[in-house]
1. I'd like the full set of residues that are in a loop (DSSP other than H, G, I, E, B) and within 19 Å of the chain's Cα centre (by Cα), limited to segment 126-153.
2. Starting from segment 47-75, take each residue that is among the aromatic types (Phe, Trp, Tyr) and list its partners that are surrounded by 15 or more Cβ atoms within 10 Å (Cβ to Cβ) and part of a strand (DSSP E or B), counting only C-beta distances under 7 angstrom and pairs at least six apart or across chains.
3. Which residues, counting only those in segment 95-125, are among the β-branched types (Val, Ile, Thr) and either assigned to a loop (DSSP other than H, G, I, E, B) or surrounded by fewer than 14 Cβ atoms within 10 Å (Cβ to Cβ) (or both)?
4. List the residue pairs whose Cβ atoms are under 9 Å apart, where the first residue sits in segment 89-112 and is without any contact (Cβ under 8 Å) to a residue 60 or more places away in the chain and closer than 15 Å to Val42 by Cα, the second is surrounded by fewer than 18 Cβ atoms within 10 Å (Cβ to Cβ) and of a type in the set (Ser, Thr, Tyr), and the two are 6 or more positions apart or on different chains.
5. Restricting attention to segment 130-141, which residues are in contact (Cβ under 8 Å) with a residue 60 or more places away in the chain and either surrounded by 19 or more Cβ atoms within 10 Å (Cβ to Cβ) or within 22 Å of Val73 (Cβ to Cβ) (or both)?
6. Conditions first: (1) assigned to a loop (DSSP other than H, G, I, E, B); (2) touching a strand residue (DSSP E or B) at 6+ places or on another chain (Cβ under 6 Å); (3) modelled with pLDDT of 85 or more. Gly78 passes all but one, so which condition is the exception?
7. Is it the case, given these coordinates, that Ser62 is assigned to a strand (DSSP E or B) and out of contact with any helix residue (DSSP H, G or I) (no Cβ under 9 Å at 6 or more places or on another chain)?
Amino acid sequence: MTTLGPSSPTPPPDASPLADVPPPDATSTVDETEGRIIIRTVGARKQYSLGELVVHALRGISVEIRQGEFITVMGPSGSGKSTFFNLIGALDSPSEGRVLIDEVDVAQLTAEELAFLRCRKIGYIFQSYNLIPYMTALENVTTPMAFGGVDPDEARTRGMDLLARVGLADRWDHRPVAMSGGQQQRVAIARSLANRPAVLLCDEPTANLDQKTGQDILDILRGLNQDQGVTIICATHDHRMMNVCDRLVWIRDGRI
């Protein structure tokens, strides 16, 4: 197995919560006891220019997500849910409005601070798994830890623990080509937890899987939410997600 090399951790951002952040919307449906607000959008709009055509992907979305929630984001194709997903994951910035993570406006962060945020605060699970094909399952899981400055021995121990958590302790030395789609998605889940994120963003996590394997992935996600307190936000077309989530955010024509 490839030995993990040392890495210097990126210094944490020193940005503080903005003083002019407005109070939470009084119409919020989430009980205050469920946790502090971890992600908040305020009038978020996103538009793209295609020549002379302006596409309005989001038309002023305001939503609060609290720590420990399991949120399902649904809507028809082209509704804006993927754009919304990218904004709350700090993968893109709004054309207007604000996106706040822990009450810090991500638009005010430098590139280095954004990189730190994505590495330490948020874990990502993608529909296409995005595993590195020439790496073993363990190496795929521990790669984010190298970027996070985790000691190689600790990374290996933590990586094996994560693979065991998703039922793949005996597959640690397998490469993606030797694993099924469901096993690859399990590795992707373990990798997303590498740096102990507070938020897990899942983009169509069950889309390429059969019925049983998809249900197994849902059970793993719900377990992480209930047992570890990880905030989970899933963009999906899978209606089974409504059976395990706490709240559904439905987007149509760029609006909730």
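The values are calculated or read from the model by the stated rules, or taken from the named source; none is laboratory data. Source: prediction; values computed, not measured. For neighbour counting, all protein chains shown are included, and Cβ atoms are generated from backbone atoms with ideal geometry for every residue, glycine included.
1. At the first step, the residues of segment 126-153 found to be in a loop (DSSP other than H, G, I, E, B) are 126-136, 148-151.
The answer is Phe126, Gln127, Ser128, Tyr129, Asn130, Leu131, Ile132, Gly148.
2. That search, which allows pairs on different chains as well, returns Tyr48/Ala57; Phe70/Ile232.
3. Thr110
4. Final answer for the pair search is Ser95/Tyr48; Gly97/Ser62; Val106/Ser93; Ala107/Ser93.
5. Step one: filter segment 130-141 for residues in contact (Cβ under 8 Å) with a residue 60 or more places away in the chain, giving 131, 135-136, 138-139.
Within segment 130-141, Leu131, Thr136, Leu138, Glu139 qualify.
6. Status for Gly78: all satisfied but (2).
7. Judged against the criteria, Ser62 is a match.
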